[in-house]
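The values are calculated or read from the model by the stated rules, or taken from the named source; none is laboratory data. All figures in this text were calculated on a predicted structure; none of them were measured in a lab. When we count neighbours, we look across all protein chains shown, and the Cβ atoms used for this are built from the backbone with ideal geometry, even at glycine. Only protein heavy atoms, including side chains, enter the accessible area calculation; ligands, DNA and RNA are left aside. Shrake-Rupley method; radii C 1.70, N 1.55, O 1.52, S 1.80 Å.
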Amino acid sequence: MSGLDMYGLNHYYKLNVELAERDISTARWDTLFKTSTSSSRALMKEMLREAQLLARAEAVCRVLPVLGVSGNKIVLEEGRALTSSLLVRLAGNARSMLLIICTLGHTIDKRVEEYNRRGLAARAYFLDVAGTCIIEAAARRLVEEIKGQLRARGLEATIPLGPGHSYWENLKDQRVIYELVNPSTIGVSILESGIMLPRKSLSMALGIGRGLPPSAENHCYYCSIRQKCPLSRARDLP
């Protein structure tokens, strides 16, 4: 029995790209909208609708047993490891790690490039921001769905963490997650730098187990740039 089967999870998920009010109110989109002119707000609404139409939101998952902890590394089956002191702190006693890669597909990237070629910088910018809000919201909903499935089995999951943030700077781990999950089936590739394409793609790692340590509501609370980041959902903290 594979890890996914053991936990009742799917390998593939189709994601919801509709933004709820709570998604808008905690994103850069809301800040931009409130500080824009009436004409810019009209364009923003148009670009948000366009992003939702263009998005092809999908995700693939894989569960691997945790073999142990070594310093700031969580060692997984197949001899791979993820390097993050925060991940060790929150998921070091987890039974397994759930690895997820989500994407909106290439269509938004191509439309942003098209608008830039045509000199429509505002359209390109607002469409790009809308895509970022959508992929993050879609990923949050997927995590909520998966946590519900795990709770039904008496299990807990950590908040999702991902490489490339200040609490997990080793972008090489992006390639580790990529190779373990193999998201090529949903059209995601990875550059030598560790950046994934399409650009509206992200990776997440969650520990699964029982008696996991308490944590903040989301990963923004652990980020060193949370006060300056326009996407932060922890701006209320000192």
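Miscellaneous remarks
- Residue count, the range 88-118 (criterion: open to solvent by less than 60 Å² (accessible area, probe 1.4 Å) and in a loop (DSSP other than H, G, I, E, B)): 4
- Subset of the range 124-139 [open to solvent by less than 50 Å² (accessible area, probe 1.4 Å) and either without any contact (Cβ under 8 Å) to a residue 60 or more places away in the chain or under 18 Å from L90 (Cα atoms) (or both)]: A124
- One residue from G187, G211, G148 being more than 16 Å from C61 (Cα to Cα) and either surrounded by fewer than 18 Cβ atoms within 10 Å (Cβ to Cβ) or modelled with pLDDT under 95 (or both): G211
- In the set S85, S36, S70, only one residue is out of contact with any Cys (no Cβ under 7 Å at 6 or more places or on another chain), open to solvent by less than 60 Å² (accessible area, probe 1.4 Å) and of a type outside the set (A, V, I, L, M, F, W, C); that residue is S36.
- Pairing each residue of the range 102-123 that is small (G, A, S) with any residue that is surrounded by fewer than 15 Cβ atoms within 10 Å (Cβ to Cβ), provided the two are 6+ apart or on different chains, yields C-beta distances under 7 Å for G105/G187.
- Total residues in the range 66-110, condition under 30 Å from L54 (Cβ atoms) and within 18 Å of the chain's Cα centre (by Cα): 11
- Note on the range 11-49: among residues that are in contact with a Leu (Cβ under 7 Å, 6 or more places away or on another chain) and not hydrophobic (A, V, I, L, M, F, W, C), the one that is modelled with the lowest pLDDT is R28.
- Complete set of residues in the range 74-87 that are modelled with pLDDT under 95 and either part of a strand (DSSP E or B) or among the β-branched types (V, I, T) (or both): T83
- Here L53 clears all of (1) touching a helix residue (DSSP H, G or I) at 6+ places or on another chain (Cβ under 8 Å); (2) on the phi < 0 side of the Ramachandran plot; (3) not in a loop (DSSP other than H, G, I, E, B) except the condition numbered (1).
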